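Heads up, the thing below is written out as structure tokens.
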Amino acid sequence: MICPDCRFDNIAGADICESCGASLVVDAEFTNALERGIIGHPVDVLCPKKPVLVPPETPVRDVMELMLKHQTGSVLVQSAGELAGIFSERDVLNDVSRDVAQMDDAVEAHMTPSPETITKDDSIAYAMHAMDVGGYRHLPVVDSDGTPSGIISSRDIMRFLCVRYAQSRDAG
């Protein structure tokens with residue numbers, strides 16, 4: 001996306017120019033309520049769930065039990081107060097399930113290290129873009145210090161879209 005002010009070539013879906021800080025969002029371009037909702041609402045309206053946090057040495061077996069207990073598709077791996085990684089049901093299916101002996105491994109051996117993160121103030125459009133480009137179904141939400149404060153899933157975004165779509169049809 002080319003910035004209209006400085007002509008810097010930003011990544012597609014960016015809300016603010018990385019070079020000059022100008023807004024890349026032009027309200028006139030978004031003609032329907034669904035588009036305006038995606039651009040105009042921050043991730044915080046999705047009510048990010050409180051993340052389940054585990055240390056890197058936690059056995060995969062224990063992490064899977066926590067995922068079942070908390071009915072969540074992912075857990076965040078935290079080391080020394082820092083977000084070290086994310087472990088999800090996809091890691092179980094694509095990695096651990098190949099050899100069940102790995103269930104006794106430390107979760108750090110099977111997590112995705114240094115995951116992409118968002119803040120509660122980022123737009124839903126930005127979160128959708130990050131998920132699409134990275135192929136993620138879960139995104140950690142961090143505060144200004146980088147401390148995990150929540151997690152959103154593609155299902156959370158889908159719920160938002162369904163409600164906004166229904167509202168736009170009712171209004172039209």
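Some points to look at:
- Dipole in debye (nearest 20) - the chain, about Cα centre, beta carbon charges: Lys, Arg +1; Asp, Glu -1: 680 debye
- Per-residue ellipticity at 222 nm from helix content only, as computed over the chain with -39500 (n - 2.57) for each DSSP H run of at least four residues, stands at -9000 deg cm²/dmol.
- Considering every alpha-carbon pair of region 81-165, the percent of pairs per 10 Å bin, from zero through the bin containing the longest distance, is 16, 43, 30, 11, 1.
- Choice from Met64, Met131, Met158 showing the highest fluctuation, given a GNM over the chain with Cα pairs closer than 10 Å: Met158
- Here the calculated FRET efficiency for Arg90 and Ile2, from their Cβ-Cβ distance with R0 = 41 Å, stands at 0.75, rounded to the nearest 0.05.
- GNM top mover of Ile86, Ile118, Ile11 - the chain, alpha-carbon springs below 10 Å: Ile11
- Largest GNM mean-square fluctuation among Lys49, Lys69, Lys120, using the chain with Cα springs under 10 Å: Lys69.
- Evaluated with a Cβ-only charge set (Lys, Arg +1; Asp, Glu -1), region 108-172 carries a dipole of roughly 420 debye about its Cα centre, given to the nearest 20.
- Positive-end ranking of Ser144, Met1, Leu34 along the dipole of the chain, with charges on Cβ about the Cα centre, is headed by Leu34.
Readers should treat all values here as calculations from the given coordinates under stated rules, not as data from a laboratory. Every value quoted in this text rests on a predicted model; they were computed, and no experiment measured them. FYI the Cβ positions are ideal-geometry reconstructions off the backbone, even for glycines, and counts take in every protein chain you see.
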